[in-house]
């Protein structure tokens, strides 16, 4: 059972989508299923008014047993590094990482818990868009790129997972602290290194179905960032051989 949870949002120029995260946080808090909550927003060098939006939200929504923390990284370093910084400051027993566009709602973990999916020890839980019971609303080009990327990763790294890149991932604190402490990739390819680190430390990974919805205004540049990811994957492959 999850009694205390830290939730990490990586933020980079998200002023147009932060309202989605704020709405979802409010709904999740109202359910009061978890006794102790901590929200950590890691601002990765935003140049818009993301910080001001967060400050206004936090000021109006302070509640007992719910803490909010904003971490500021001066220059944009990448999603992997933002999450690594967030994990350092987590205090609760469980840690959830997810995207600020709420493509998967925080409440997804309530569904996982109800079905007793989280009873496994020494395990990381990956949200997967490619399982039979997942409900997904895709843009076609993203689905095609996702299939190509997953095929490349599974062949190159002998990873037998259906979806490595979904941002919705749940950890117990011990496993998260160990893995992110040793994470080196700062960008979008960090998910692959997480898997390799889990394997190195004999930590299992269980994929669980999610309800996932595509959001517009993504900061992912499909062509430039995809090229960077493949380049970083080659470096990861070299480092872990």
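Read-outs: derived from the displayed coordinates by stated rules, not from any lab. Since this is a predicted model, take the numbers as computed values, not measurements. Because the Cβ atoms are built from the backbone with ideal geometry, glycine has one as well, and the counts that use them run over all protein chains shown.
Roughly what % of Cα-Cα distances in segment 110-241 sit above 16 Å, to the whole percent?
65 percent
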Check: How much of the DSSP beta bridge set in the chain is antiparallel, as a percent to the nearest 5?
Finding: 20 percent
Notebook entry, point to check: Got the relative contact order for segment 4-239 handy, in percent, Cα pairs under 8 Å and 6 or more residues apart?
Noted result: 25 percent
Notebook entry, point to check: Rounded to the nearest 500, what is the chain's calculated 222 nm mean residue ellipticity when only DSSP H runs of at least 4 contribute -39500 (n - 2.57) each, over all residues?
Noted result: -12500 deg cm²/dmol
Notebook entry, point to check: With no solvent and one point per C-alpha, what does the Debye sum give as log10 I(q)/I(0) for segment 10-60 at q = 0.15, 0.20, 0.28 Å⁻¹?
Noted result: -0.43, -0.72, -1.17
Item checked: Average silhouette area of segment 4-239, convex hull of alpha-carbon atoms, in square nanometres -> 12.0 nm²
Checklist line | residue 93-residue 120 pseudo-label distance in nm [points 7 Å out on the Cα-to-Cβ vector] | finding: 2.0 nm
Next item on the list: Quick one: go through segment 174-218 and flag any residue whose amide nitrogen is under 17 Å from the point 7 Å out along the Cα-to-Cβ line of residue 143.
Entry: 210-216
